[in-house]
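A quick write-up on the structure given underneath.
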Amino acid sequence: MPPAVSLVLPAFNEVENLEDAVAQARGPLAAIDPGWELLIVDDGSTDGTGPLADRIAAADPHVRVVHHAENRGKGVALRSGVAAARSPVVGWTDADLPFDMEALARAHARLVETDADLVAGIRTNREQYSLRRRVLSGGYNALVRALLGVPLDDVGFALKLMRRATFERAALQSDGGFIDAELMAWAHRQGLTIERVGVTFTPRVRGTSTMAEPASVAGILRDLVLFRLGRLRPRRPARIPRETPA
Ligand SMILES: Nc1nc2c(ncn2[C@@H]2O[C@H](COP(=O)(O)OP(=O)(O)OP(=O)(O)O)[C@@H](O)[C@H]2O)c(=O)[nH]1
Ligand SMILES: [Mg+2]
């Protein structure tokens with residue numbers, strides 16, 4: 001029997017968070033399905049995230065690891081993770097513990113109960129953020145609304161759950177952090193049903209933030225414009241990633 005749910009955790013230099021993230025995801029995932037699966041995608045980390053992920057997987061048969069030899073970006077990492085996942089329902093979230101993982105079980109229940117196409121987390125307390133981050137986040141959502149006509153809030157928040165078939169139909173192209181908004185925009189344009197699950201947001205307390213750095217923000221904006229123009233494509237062809245033998 002394949003697992004009912006696979007959660008992908010993209011991890012780039014998350015050695016300080018990874019163990020806790022997996023530990024906190026275990027209970028909610030097991031509540032969904034005793035055969036749950038978690039895929040860590042170590043995206044060319046240089047801080048020991050890769051070996052740590054391998055140790056976690058060696059101690060827990062529910063956990064598998066995909067390694068990218070070099071940093072390829074969050075979008076590529078999510079595609080690698082879902083490609084390796086075995087279950088008919090797939091999802092992802094961040095490895096830096098942005099919310100109480102108990103929301104995973106709520107998100108899954110919502111997917112099943114409502115038969116929605118996509119369940120997406122939404123932060124209910126973004127006032128936790130610094131002024132800079134609130135401006136960035138507000139501006140991003142406003143741009144997505146204005147340029148893509150997507151009337152949804154918090155499109156970039158990384159808690160997503162859907163059937164594998166939905167993910168495959170979406171054929172997401174972004175290599176980087178735009179991938180969450182790309183999925184929301186695609187689902188909206190297709191007229192799919194999107195259910196939102198409220199989560200209490202906890203700003204990162206350990207490790208290093210990458211997505212809000214200028215280079216990542218520039219990449220996200222570039223992908224947003226290319227998507228608007230219908231010209232968003234992966235930058236480099238995907239290579240088969242190395243997966244730790246189970
Ligand atoms: N695979 C992959 N994951 C990444 C990359 N950059 C960031 N991530 C992961 O994506 C998630 C979100 O990145 P963060 O840096 O936390 O972005 P953020 O949540 O906008 O920033 P903070 O609020 O400062 O945490 C985390 O799980 C990171 O490990 C990357 O280049 N590749
Ligand atoms: Mg974060």
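Some values worked out for this structure:
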{"item": "Percent of beta bridges antiparallel (DSSP, the chain, rounded to nearest 5)", "result": "35"}
{"item": "Protection proxy ranking of 88-95, 35-42 - average other beta-carbon atoms within 10 Å, highest first", "result": "35-42, 88-95"}
{"item": "Residue-count net charge about ARG79 - beta-carbon cut-off 11 Å; Lys, Arg +1, Asp, Glu -1", "result": "0"}
{"item": "Alpha-carbon centroid distance for the pair the range 21-91 / the range 95-109, whole angstrom", "result": "15"}
{"item": "Fewest-first ranking of MET162, MET211, MET101, using other Cβ atoms within 10 Å as the exposure measure", "result": "MET211, MET101, MET162"}
{"item": "Net charge of Cβ neighbours under 15 Å - reference ALA181; Lys, Arg +1; Asp, Glu -1", "result": "+1"}
{"item": "Inter-probe distance in nm under a simple model that places probes 7 Å from Cα toward Cβ, at GLN24 and THR193", "result": "3.0"}
{"item": "Note, ³J(HN,Hα) from phi for the range 50-64, Karplus 6.51, -1.76, 1.60, rounded to Hz, x at Gly and Pro", "result": "x, x, 5, 4, 4, 5, 4, 5, 5, 8, 9, x, 7, 9, 10"}
{"item": "Theoretical FRET efficiency, 1/(1+(r/R0)^6), r = Cβ-Cβ of SER209 and THR114, R0 41 Å, to 0.05", "result": "0.80"}
{"item": "Cut-off 10 Å between beta-carbons: net charge of the residues surrounding VAL89, Lys and Arg +1, Asp and Glu -1", "result": "+1"}
{"item": "Cα gyration tensor category, rounded, prolate or oblate, for the range 85-243 with a/c compared to 1.5", "result": "rounded"}
{"item": "Rounded FRET efficiency, nearest 0.05, which uses the C-beta distance separating ASP60 from ARG134 and R0 of 30 Å", "result": "0.20"}
{"item": "Mean residue ellipticity (222 nm) of the chain, computed from DSSP H runs ≥ 4 via -39,500 (n - 2.57), nearest 500", "result": "-13000 deg cm²/dmol"}
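Coordinate-derived values only; no laboratory data. Everything quoted here is computed from the prediction, not taken from an experiment. Glycine gets a Cβ as well: all are built from the backbone with ideal geometry, and neighbour counts include every protein chain shown.
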